[in-house]
Structures are given as structure tokens and as C-alpha cells.
Amino acid sequence: MRAYRNFVTRVGLLGILLLAGVMATPSPASAAAKLRLDDGAGNSVTITDEGAGDASAGAVGDITWIGTLGVWNLNVATGSSKPVNALPELMHLNSVNRSTAAGTLVIEFTDTDWMNATPAFILGLGPLLGPGASILYEAFYDLGNGEFVAANLIGSLAGNGTVVGPAPGVTPYSLTQRVTLTHAQAAQSSFDANINVPEPATLALFGIGLLGLGVASRRRRTAQN
């Protein structure tokens, strides 16, 4: 009996030690979100969440950069992602940009390790453009979970509105928002761009739309044959 009790005690101690080792082992850290601005003329800046240049340091998931870039003498860009964002919104990108002359500015916001399994996303854009200004908003997902990877286009907008686009069916994946702002002259513009998970009613309409496209495609093939 004593030998049995000693055996149980040793097994129990071993289990405690193994559990302590597992708890002490750090879990793999996910990559931080990043914000990038590029004027196409050799001037660019990349800011990592909680890294150098992040004016929102202390708020994990928010990145804010304030500065100048070439002819763009005023830039206040903010990207919000997990964990500060709550469903249905996944990512939000907004910016105020002023230029002293004509130019094009590309603003990108990326984050990896997304685990939201959904068949679709809703993209939204609300720009306030200065004279001679134009904007293009694009969003992408990447099953390779890479940063700033424009592998699969979710959708695009060139003005106020929303659009429903496909999402990956597997996880993890990365999301990247890209806004291309073009000024034909000195001007000031601003915008809000977001990626949301659709509500169930919107998903149902999206499914009906896909079904309609499939039926139309089959009819075209039948007519051609």
C-alpha cells in the first residue's frame, strides 16, 4: 500500500510539473497590424501597432500616424482592428490628407490571423473629396495570412456606398485595406473605409444573388450548346 501511495504521489508531482511547463511556455504571438503610406515618389512610411511613430500607443489595435510625405503636408491616418473593434466591424481606416500640389497617395492597413469564418464581407466608404480629387477603395484577403498581400479582391468602391464581397471559407487569413487618393491640384480630402461582417439578412440576399448568377451562367452554357 505504501509503495502504491508513493507511486501516486510521484505521478501527481510529475503531472504538476508538466502542467507548469505548459503554462510557462509562451503561446505564439500574432503579428501586429500595420499602416503604410506611399506617395509613389520615393516617400513612404510604415507604422506597426504599438511601434515607433504610432500616435495611438497604449491602445492595442489602433494605429495613428501624423506627419508629412512629399507634397502631402498634412496626414492624419488611423487604422483600427482587433482587439479594439467588435463585431460586426472588423477593420476601419480613416484619414485626412492635404496636398500642396498634384499627387497620388496610397494608404494601406493590414492585419493577420483573422479567425472569423463568414461567407461574405461588407465594404463601406464615405469620402469627402477636395477639388480635382478622386478615390479608389479596395479590400483584399489572403489565405497565406501575409501582410499587405492583395491576393483576393473582396470588392472596390470609387465613392460613397457599400458593396458585398466574398470572404475566405477557411482560417486564418489576413485582411488588407487599400485607399488610393489622387489630387489633381492642391486640395484636402478625407475618408472613412470599413470592413464589416454582414448581418444574417444581408448574407441571405448575398446567397440569393450567388444562386441567381449560377442559374444565369448555366442558362448561357445551355444556350451555347
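The values are calculated or read from the model by the stated rules, or taken from the named source; none is laboratory data. None of the values given here were measured: they were computed from a predicted structure. Note: ideal-geometry Cβ built from the backbone for every residue, glycine included; neighbour counts use all protein chains shown. Protein only, heavy atoms only, side chains kept; ligands, DNA and RNA dropped before computing areas. Shrake-Rupley method; radii C 1.70, N 1.55, O 1.52, S 1.80 Å.
Scoring PHE109 on the criteria (1) open to solvent by 20 Å² or more (accessible area, probe 1.4 Å); (2) at pLDDT 95 or above leaves a single failure, condition (1). Once region 189-204 is narrowed to residues that are over 8 Å from ILE122 (Cβ atoms) and modelled with pLDDT under 85, the residue that is surrounded by the most Cβ atoms within 10 Å (Cβ to Cβ) is LEU203.
Residues in region 132-174 that are touching a residue at least 60 places away in the same chain (Cβ under 8 Å) and farther than 17 Å from VAL197 by Cβ: 2 in all. Considering GLN177, GLN185, the condition of being touching a residue at least 40 places away in the same chain (Cβ under 8 Å), of a type outside the set (Lys, Arg) and open to solvent by less than 40 Å² (accessible area, probe 1.4 Å) is satisfied by GLN177 alone.
Of the candidates GLU147, GLU89, the single residue that is surrounded by fewer than 20 Cβ atoms within 10 Å (Cβ to Cβ), at pLDDT 95 or above and over 22 Å from GLY40 (Cα atoms) is GLU89.
Filtering SER44, SER95 for residues that are open to solvent by less than 30 Å² (accessible area, probe 1.4 Å) and of a type in the set (Ser, Thr, Tyr) leaves a single hit, SER95.
Among residues of region 112-137 being at pLDDT 95 or above, small (Gly, Ala, Ser) and not in a strand (DSSP E or B), the one that is least open to solvent (accessible area, probe 1.4 Å) is GLY130. The set of residues in region 104-119 that are more than 21 Å from ASP39 (Cα to Cα) and within 14 Å of the chain's Cα centre (by Cα) comprises ASP111, THR112, ASP113, TRP114, MET115, ASN116. If the condition is being buried (at least 19 other Cβ atoms within 10 Å of the Cβ) and either within 15 Å of the chain's Cα centre (by Cα) or closer than 25 Å to LEU123 by Cα (or both), then region 65-77 contributes TRP65, ASN75, ALA77.
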